[in-house]
Amino acid sequence: MNAYRRSSGRVDHTAKVVMAGDCAVGKSCLLYRFVHDEYILPPYIGTVAVDLKVKVVDVDGTRIRLQVWDTAGQERFRSLTRSYFRGALALILVYDITKAETLHIVREYISSVVSDVDENLILLLLGNKSDVSSRERIVSYKEGLNLASKHGIQFLEVSAKTGSNVMEAFNALAKAIKIKLEEGCDDQKVLAQAVQQSVLQKQKKSCCF
Ligand code: GTP
């Protein structure tokens, strides 16, 4: 066990997570929403190369320190991005539901991950900007889901702007990481259950109002 202690408290595991996807899909905003529970207001300033944010997540009493690498989406940084995949336990692929070409970039990442990287990497696909109107939406929920299902990846539509499904996505990932580290079992199955569980819990909560 990778026990770790800091002034902020006990940490049982540290896990490297990488976020990748085309530029301006909202990776930095999603990470900021996860860490600070706030939305970064425009203007848009693209990430240069890579940024790192850290958050400790409690999963059923186990404290997991997620080191999340937010990679730059611009093409000129893409080969550098792939070098960050090394040593990662999980990869979050993000596209923008208002731009079809961003789903294409995700497809490219998936094929390069399949050929280059450890096949045990936990993968999560996020379709960001679910807050937009149906008129602005270009990629349907079904298209995202089909791509994810084809590769056995878990999928959620999220919004960094409203916060919809963001905590659920990262918490489900942390749960899958915990079980992978402690039990070494099938991480995609675990992530599938965690994603479904967090969505179900959210539905139950919203039913109570
Ligand atoms: P790179 O650093 O270039 O790779 O971009 P990125 O993927 O990190 O995108 P970033 O988080 O900087 O957001 C890009 C733009 O999308 C900004 O103008 C954000 O305001 C906008 N944006 C991000 N998330 C959302 C969202 O959930 N909804 C809407 N409507 N806009 C968003």
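Results, tabulated for the structure shown:
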item: Backbone HN-Hα couplings from phi across the range 12-27 [Karplus 6.51/-1.76/1.60, Hz, Gly and Pro as x]; result: 8, 9, 10, 10, 8, 10, 10, 9, 9, x, 5, 6, 6, 7, x, 4
item: Segment SER79-ALA100, extension gain: residue separation times 0.36 nm, minus the distance between their alpha carbons; result: 5.4 nm
item: Difference of contour (0.36 nm per residue) and Cα-Cα distance, LYS150 to ILE45; result: 34.5 nm
item: Peptides ranked, highest mean first, by Cβ atoms within 10 Å: ranges 13-23, 124-134, 149-159; result: 13-23, 124-134, 149-159
item: Pairs beyond 20 Å (Cα-Cα), from LYS129/LYS150; LYS16/LYS175; LYS150/LYS175; LYS27/LYS161; LYS53/LYS161; LYS99/LYS142; result: LYS129/LYS150; LYS150/LYS175
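Each value in this text was obtained by applying a stated rule to the coordinates, not by laboratory testing. Note that the structure is predicted; figures quoted are calculated from it, not measured. In this analysis, Cβ positions are derived from the backbone assuming ideal geometry, glycine residues included, and neighbour counts consider all displayed protein chains.
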